[in-house]
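Student: Following this message is one structure expressed as structure tokens.
The values are calculated or read from the model by the stated rules, or taken from the named source; none is laboratory data. Keep in mind that this is a model prediction, so the values were computed, not measured. For neighbour counting, all protein chains shown are included, and Cβ atoms are generated from backbone atoms with ideal geometry for every residue, glycine included. Surface accessibility is based on the protein's heavy atoms, side chains included, excluding ligands, DNA and RNA. Shrake-Rupley method; radii C 1.70, N 1.55, O 1.52, S 1.80 Å.
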Amino acid sequence: MLVTLHGAANEVTGSCYLVETGNARVLVDCGLFQGSKHLEKLNFIPASLLPSKIHAVVLTHGHLDHCGRLPLLVKSGYRGNIYGTQGTLDIARLILADAAKIQADDADRENRKRARAGQKPIKPLFTLADAEQVFKRFSPLSYNEWADIASDTKIQLVEAGHILGSSSVIMVADQNGGRRRLVFSGDLGQWNVPINRDPALMDRSDAVFMECTYGGRVHPAYDDTIKELSRLIIDAIARKGKILVPTFAVGRTQQLLFHLSEMIAKGEIPAIPIYLDSPMATAATQIYSNHTDVLDPEVREFFSDDNIRRFLPTLKICTTALESQALNDVEAPCIIMAGAGMCDAGRIVHHLRHNLSLASTLLLIVGYQAKESLGRRLLDGANPVKIMGQTIFVRAKIVSVDGFSAHADKNDLLRWIEPLVRHKSRVILTHGESHQLSEMRHELQEKFGLSAQIPSIGDVIEI
Ligand SMILES: [Zn+2]
Ligand SMILES: [Zn+2]
């Protein structure tokens, strides 16, 4: 059995493994490279993948760095099924459609510039029509059921606890009279945090590919994170300010809605107006409501039926651009949740332009901010900043609440891998920056005397 790494090797994005058994060629994930021009150059389907000769694709979850090259794969001739849990396929549909729209807008903007300079126009990486060809191939699987996906290969998807529908993949292939078992962790979540169920543990495999996004980091305690959040909200309310929360549509938005309802129910914060000003986050929340059976039992009631409105009577959903603009005139205090999560695009930008110069405003950062993003620059104290061509002098309070990560930390990863290591599984570390990977390798050496492998992109591993 051969596994070739076509992404997420020595870095986080572009997850894509080609597994070749005796008779079958199967892809696990087919994600986009993101984060820099250098990485984005890798967003193509290598000829060696032979898309028309791949028998099946399995998705671990719907994030773009795991599904974003699927439109290119189908355009290059892939004609098989794309398997994942129903939750994963619904999220992937939302995320791919959104990515197609962003790419079309970016290409239009660039082409206006090029037209002025007399240069040839560029094409977006993929269009909505390309994404729709992907959706036709979606084939849902239930958690924990074995499914034959090729003549000699079957898989089982088990809970990974990262976002709705996320799974680890167990793959079993028969070849040359022997049976080989592989595990792909997918992106793993934290234990004992609401919204998602805890990751499932597995006890044996010939080899395991484990993500290491935070292979060397320990997250702050989750309870402390929630306490800090409520303290900051109370402080902003006392200052009669607007609380701006740049949100990632999938996962973080739902987590915040749930915690806000809990804080209000317990009387920790007053029931101030909460505006969800992101059509994508609203659509993602609906997907969570459609799949309460695979959520953490403690949040199922909150997300069921129309309960979100019952538990959060002050929640208002802003659908149109006009409704979003009208938030400029609403009274403070209030909470405005809007995308994009790193402040670089979407409706949050106009809220920042209107409110960052007010000392009463709180900008509450609850997610990862990449280098160079507006969110990162504001956190680092940039002042003034240029937003939509306007110079804004920043007087708002800007705070980052860490500890909301959708990813397992070092201790979670060790807990997940331990039963597999005890059963002598070979360990291959992927989906992490170099220092996170080497810290995890060091931990595994210290704790279990195990030497884990850290492959590079293009490496072929024989199992
Ligand atoms: Zn992910
Ligand atoms: Zn990932």
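Student: Scan V183, V193 and give me the residue that is buried (at least 17 other Cβ atoms within 10 Å of the Cβ), within 30 Å of S451 (Cβ to Cβ) and outside the structural domain of Q369 (by TED's automatic domain parsing).
Tutor: Only one candidate passes the filter, namely V183.
Student: Continuing with the same structure: Which residues, taken from the range 296-318, are surrounded by 15 or more Cβ atoms within 10 Å (Cβ to Cβ) and among the acidic types (D, E)?
Tutor: Result: D296, single match.
Student: Among the residues of the range 43-68, write down those that are open to solvent by less than 40 Å² (accessible area, probe 1.4 Å), within 13 Å of ligand 2 (Cβ to nearest atom) and assigned to a loop (DSSP other than H, G, I, E, B).
Tutor: Hits for the range 43-68 are L59, T60, H61, G62, G68.
Student: Test of understanding: among L356, L429, which residue is of a type in the set (A, V, I, L, M), at pLDDT 95 or above, within 16 Å of ligand 2 (Cβ to nearest atom) and open to solvent by less than 80 Å² (accessible area, probe 1.4 Å)?
Tutor: Answer to the selection: L429.
Student: Return the total of residues in the range 103-120 being in contact (Cβ under 8 Å) with a residue 12 or more places away in the chain and farther than 15 Å from C67 by Cβ.
Tutor: 4
Student: Output the number of residues of the range 342-375 satisfying the condition of being in contact with a helix residue (DSSP H, G or I) (Cβ under 7 Å, 6 or more places away or on another chain) and either outside the structural domain of G389 (by TED's automatic domain parsing) or in a loop (DSSP other than H, G, I, E, B) (or both).
Tutor: 9
Student: I would also like to ask the following. Condition test on N176, is it open to solvent by 10 Å² or more (accessible area, probe 1.4 Å), assigned by TED's automatic domain parsing to the domain that holds C67 and within 30 Å of E301 (Cβ to Cβ)?
Tutor: No; evaluated as a whole, the condition is false for this residue.
Student: From L39, L27, L89, grab the single residue that is under 19 Å from the mean Cα position of the chain (by Cα) and either among the acidic types (D, E) or away from ligand 2 (no atom under 14 Å from the Cβ) (or both).
Tutor: The unique qualifying residue is L89.
Student: For I163, state whether it is within 16 Å of ligand 2 (Cβ to nearest atom), within 19 Å of the chain's Cα centre (by Cα) and touching a residue at least 60 places away in the same chain (Cβ under 8 Å).
Tutor: yes
Student: Now for a separate question. Checking the structure you have, find out if any residue of the range 369-386 is under 29 Å from V193 (Cα atoms), touching a residue at least 60 places away in the same chain (Cβ under 8 Å) and within 16 Å of ligand 2 (Cβ to nearest atom).
Tutor: Within the range 369-386, one or more residues are under 29 Å from V193 (Cα atoms), touching a residue at least 60 places away in the same chain (Cβ under 8 Å) and within 16 Å of ligand 2 (Cβ to nearest atom).
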